[in-house]
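A.B. asks: Quick one: the structure is below, and I'll ask about it shortly.
The values are calculated or read from the model by the stated rules, or taken from the named source; none is laboratory data. The shown structure was predicted, so the numbers you read here are calculated from the model rather than taken from an experiment. Don't worry about glycine lacking a Cβ; one is built from the backbone with ideal geometry, like all the others, and counts go over all protein chains shown.
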Amino acid sequence: MQNLQLLLQAPVFNIQLLLDGMFIGAVFALAALGMALVWGVMNIINVSQGEFVMLGGFIALMVAEAGFSPLLGIPLAALVLFALGWGLYKGVIWRIVEADMFTSLLATFGISIMLQQLMNEVFGADVRTAESGLGVWFLFDGMVTVTQIKVLAFILSFVIGLALWLFLKNARLGQAIRATAQNARAARILGIDTDKVYAATYAINAALCGAAGALVVMAWSIHPYMGLPYTLRSFMIVIVAGLGNLAAVISAGLGLGMAEQFAGFILGAEFQLAFVFLLLVAVLVGRQIALARKRQYLK
Amino acid sequence: MNRKMAQLLALAALFGIGLLGPWLAPSYISQFAQLWLFIVLALSWDIMGGQTGYNSFGNIIFFGIGMYVSAVAQVGLVWPVAEYTAAKGGGTEFVFNADQIHAGLALGIPLGGLVAMLAAIVLGALLLGMRGHYFAIATLGLAVATAELAAGWDYIGAGSGMVTPTLPGDMNGPVLFYYLSLGLAIVTILVFAWVYSTRFRLAINAIRDDEDKAEALGHHTTRNKMTAWAISALFTGMAGAIYGNLSGFIDPHDIAFNAEIGVWMILMAILGGKGTLWGPIIGAIVFFISKELFWTYLLGWQRVALGLLIVIIVVFFPEGIMGWVRERWPHLFAPPHLDDEEDDETPAGADEDKEAAHA
Amino acid sequence: MREKRDWQVQDRPLLEVKNLTKRFGGVVANHNVSLFVERGTIVGLIGPNGSGKTTLFNCIVGQYPIDEGEIWFEGEEISRYRTAHIARMGLMRTFQQTRIFGKMTCVENMLVSMSERRRRLTDLFTPGSRADRARALDLLQFVGLYSKRHHLAGSLSFGQQKLLEFAMALMSEPEMLLLDEPTAGINPTLINGLVDRLRRANAELGITLLVIEHNMRVIMNLAEYIYCLAHGEMLASGPPEEIRNDQRVIDAYLGAT
Ligand SMILES: Nc1ncnc2c1ncn2[C@@H]1O[C@H](COP(=O)(O)OP(=O)(O)O)[C@@H](O)[C@H]1O
Ligand SMILES: [Mg+2]
């Protein structure tokens, strides 16, 4: 609670927290967009979302360790994850698209455990980060530091989100995805290959997460067990923002990022994760109370 | 009444093996004790996941709560808890005699169960107004949050954990904990068999099969879900209490709120067959034996295998072993007939309903 | 038209809907709908497909929030209560798409439908008393499903499932039942038997009925008063002979409006 006083006495710290929250929040929003896409189109809550982010991070890390700029890792991570997403769909996910939601919840949970442990075996459990090679800006007489890679992560998240939106709106495949989301059976009757649409949707989601992960490893850090919090953040953002609203997803992502920064600063970093999870419960309970007034349930 | 006899026989055989276990395989006594506890965990998970249709990723919370509450009670009966945990249990001055151990267990195990049950009621009041997958994910978040909170609480040893009371040299710990585990398993199986013979099973199955219809019938669905979860937590908490003593050391992440055990609970129930009395029991036995056999050979990759196992079971065998048995021998699962006495109450003219047969 | 009585507690109708409006986005499913049902009567609700009958039922029993208006049942305003609460007050409905528990036997379906009104949690932890079981069997007998009592409900034909759902509703001892197209999908030769059972439920068990029905012959025969909805609005109401000859009703059904 001492830190709370610090915030009141030195308002410039608030700016630091707000900025950091915004930057990381944009990355949360990116992963959440992917989750909303898969949830809306395939009716699957993808629990391995956070592991896709983690994998993206490790790919960018490998790129950096091979001597290239880790910035190159962003498209590469997206590409590799796209392929992995496609493969996972063809191997497992297609069998559970029509199953009840808990089946897909558990199956993707199984995938997430597998990926966690695999990365743990390959890279070890240490916290890792990749040097982007970009510089730092100092604001307010050096009281506020802004690393340029965070700003880049922020901007790129927006650009990717926008590109996704344009793709869904204009591209043929994008339109097919939207049609399938609205009514898969009708889409099939109209001659849309929904199996391919599902595969593409799942792969695009993985690619979004991969790009997000590459940004995370440069601007922040990664480790094999970072996934679950990312999954739950995406989930939380999607329930707050709804499935079909890009602007809402982004604002919810930014809001969560900032709330988390403040909570971590005030309560102590060791309670930041607990805060995220308890916030999720609070959000769910809040939604539930609001719906009860409308004679509805959270379902 | 064939079926009832078969069930009784199977139960008797299970308990017989249980009682003789320590003589049959004395060197595996701790593993067998774990197996009994795993049966309790699987059965307890299934009353929510299988019978009520609310899949909880958070039952590990009750396991951990039961474990910590029991340990704190056991220690607290004799020594100041804060000093005990501050000494990391290593301090030689904290000794317990046999009477203190017995009293501690007699208090700690039921208390662990009761506090876990209380936690289920509080969490249930918050979460059980929502439907299926929202509940599942909320419990997933809560499980991790609880582990983080426990790891930050100094009174119970924070991140470095807590040692359960060390038994005096003349006590046979493994045998004591084995029979406690066996006893808990027997009580759990009997209690669940009884619960499933009442209308409560119908009420929670109704929630699983069609919750809107259950509401339309005026059921107190949230209350019934909370009750099911509370029963689940009671036994999970007691299992946790014994498990903590069995392992001798409680670590917030690796033992008490071990996410892996949280997953095993689900896996055992699904493997054996959700929504049946015998499914989770069989699932626990099969899972435990294969785990013990194969884990040793997989060296570090066992968790990867666990993930793979989940995917395979969920995708390819969602009905579990009992589902497979049901397919092969459907007559074993013919709808249960009511007591014979019922036929005395046959309403007059029972044959007049032929017309409906054509409806 | 039936004159509405003075606003006296004893004389209040059992169910009264006042100026109810329900929208789905832009679609106005019910607009300014009012109706009332006296205790002990059988009242019909008719109207072409899509005229908002099922929506009205859903609003009454607490499935949907309403946008405007009031719903009174037994002297209480219930438009903010949820389904289970309203059901425990004694106002129940059956579904147009029949809903029974397919994995349970008929008897189990009956036992799970016992009224929760005056019962406590501990009452659930019994197998059901002899009297309850006897009543379950009596009611199965009443709807003609006694011989199927140990069959899984999911294995019954659609018509039988409708009968089972009706028996389940009776098992829960309602004051009033809202029935959504009880004869739809039932073998025409059995409809008379069903109508007879509805009447007996009303006369012998004292259950007030509000029935949505498409079969004109049935509803004219059964109901003592009929409301007709069209395009979400109350088009006409009156005793059967009046409705039968009402030109607006005839037009609505012929699609002339
Ligand atoms: N859940 C809903 N969401 C949107 N529109 C609905 C919903 N339920 C009903 N409607 C619309 O309300 C109107 C009335 O439907 P309904 O009450 O089912 O008619 P009826 O039972 O008289 O055939 C229809 O136009 C229908 O499309
Ligand atoms: Mg209708």
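A.B. asks: For segment B:120-130, what are the residues that are crowded, with 22+ Cβ neighbours inside 10 Å, more than 10 Å from chain A (Cβ to nearest Cβ) and more than 15 Å from A:LEU298 (Cβ to Cβ)?
C.D. replies: B:ALA120
A.B. asks: Can you list the helices (runs of 4 or more DSSP H) found entirely within segment A:48-137 that contain at least 1 residues being among the aromatic types (Phe, Trp, Tyr) and away from chain B (no Cβ under 14 Å)?
C.D. replies: Details: elements: A:49-65, A:73-91, A:101-123.
Output list reads A:49-65, A:73-91.
A.B. asks: Answer yes or no: is there a residue in segment C:227-241 that is within 16 Å of ligand 1 (Cβ to nearest atom), without any contact (Cβ under 8 Å) to a residue 24 or more places away in the chain and either assigned to a helix (DSSP H, G or I) or surrounded by fewer than 23 Cβ atoms within 10 Å (Cβ to Cβ) (or both).
C.D. replies: There is at least one residue in segment C:227-241 that is within 16 Å of ligand 1 (Cβ to nearest atom), without any contact (Cβ under 8 Å) to a residue 24 or more places away in the chain and either assigned to a helix (DSSP H, G or I) or surrounded by fewer than 23 Cβ atoms within 10 Å (Cβ to Cβ) (or both).
A.B. asks: Of the residues B:GLY89, B:GLY113, only one is at pLDDT 90 or above, of a type outside the set (Phe, Trp, Tyr) and surrounded by 17 or more Cβ atoms within 10 Å (Cβ to Cβ); which?
C.D. replies: That would be B:GLY113, the only listed residue that is at pLDDT 90 or above, of a type outside the set (Phe, Trp, Tyr) and surrounded by 17 or more Cβ atoms within 10 Å (Cβ to Cβ).
A.B. asks: State which residue pairs qualify: first residue within 14 Å of chain A (Cβ to nearest Cβ) and over 22 Å from C:LEU198 (Cβ atoms) and inside segment C:39-64, second residue within 14 Å of ligand 2 (Cβ to nearest atom) and of a type outside the set (A, V, I, L, M) in any location, beta carbons under 6 Å apart, and separation of 6 or more residues or different chains.
C.D. replies: Close Cβ pairs (under 6 Å, with a partner that is within 14 Å of ligand 2 (Cβ to nearest atom) and of a type outside the set (A, V, I, L, M)) amount to C:THR55/C:LYS22; C:THR55/C:ASN30; C:CYS59/C:LYS22; C:TYR64/C:ASN58.
A.B. asks: Sticking with this structure for a sec: Scanning segment A:144-192 for residues that are in contact (Cβ under 8 Å) with a residue 12 or more places away in the chain and not in a helix (DSSP H, G or I), which turns out nearest to A:GLY73 (Cα to Cα)?
C.D. replies: The qualifying residue nearest to A:GLY73 (Cα to Cα) is A:THR147.
A.B. asks: A further question on this structure: Regarding segment C:69-88, can at least one residue be identified that is within 16 Å of ligand 2 (Cβ to nearest atom) and in contact (Cβ under 8 Å) with a residue 60 or more places away in the chain?
C.D. replies: no
A.B. asks: Of the numbered conditions (1) surrounded by fewer than 24 Cβ atoms within 10 Å (Cβ to Cβ); (2) within 14 Å of chain C (Cβ to nearest Cβ), B:ALA214 satisfies every one except a single condition; which is it?
C.D. replies: (1)
A.B. asks: When only residues in segment C:36-66 that are within 16 Å of ligand 2 (Cβ to nearest atom) and of a type in the set (A, V, I, L, M, F, W, C) count, which is surrounded by the fewest Cβ atoms within 10 Å (Cβ to Cβ)?
C.D. replies: If we take residues in segment C:36-66 being within 16 Å of ligand 2 (Cβ to nearest atom) and of a type in the set (A, V, I, L, M, F, W, C), then C:PHE57 is surrounded by the fewest Cβ atoms within 10 Å (Cβ to Cβ).
A.B. asks: On the given criteria, is C:ILE191 away from ligand 2 (no atom under 16 Å from the Cβ), surrounded by 15 or more Cβ atoms within 10 Å (Cβ to Cβ) and not in a helix (DSSP H, G or I)?
C.D. replies: The answer is no for C:ILE191.
A.B. asks: What number of residues in segment A:242-275 are under 19 Å from the mean Cα position of the chain (by Cα) and facing chain B (nearest Cβ under 8 Å)?
C.D. replies: Within segment A:242-275, residues that are under 19 Å from the mean Cα position of the chain (by Cα) and facing chain B (nearest Cβ under 8 Å) number 2.
A.B. asks: Same structure, new question: Kindly provide the set of residues from segment B:245-261 that are small (Gly, Ala, Ser), surrounded by fewer than 24 Cβ atoms within 10 Å (Cβ to Cβ) and in a helix (DSSP H, G or I), ordered by number.
C.D. replies: B:SER247, B:ALA259
A.B. asks: Separate question: Being within 16 Å of ligand 2 (Cβ to nearest atom), modelled with pLDDT of 90 or more, within 17 Å of the chain's Cα centre (by Cα) and surrounded by 18 or more Cβ atoms within 10 Å (Cβ to Cβ) is true for just one of C:LEU178, C:LEU209, C:LEU198. Which residue is that?
C.D. replies: On the way: C:LEU209 fails: within 16 Å of ligand 2 (Cβ to nearest atom); C:LEU198 fails: within 16 Å of ligand 2 (Cβ to nearest atom).
None of the others qualify; the one that does is C:LEU178.
A.B. asks: Still on this structure: Would you check if B:GLY300 is on the phi > 0 side of the Ramachandran plot, within 14 Å of chain A (Cβ to nearest Cβ) and surrounded by fewer than 21 Cβ atoms within 10 Å (Cβ to Cβ)?
C.D. replies: The answer is yes for B:GLY300.
A.B. asks: Being among the small types (Gly, Ala, Ser) and over 26 Å from C:ALA203 (Cβ atoms) is the filter; apply it to segment C:26-60 and report the residue that is farthest from ligand 1 (Cβ to nearest atom).
C.D. replies: Taking the candidates together, the pick is C:SER34.
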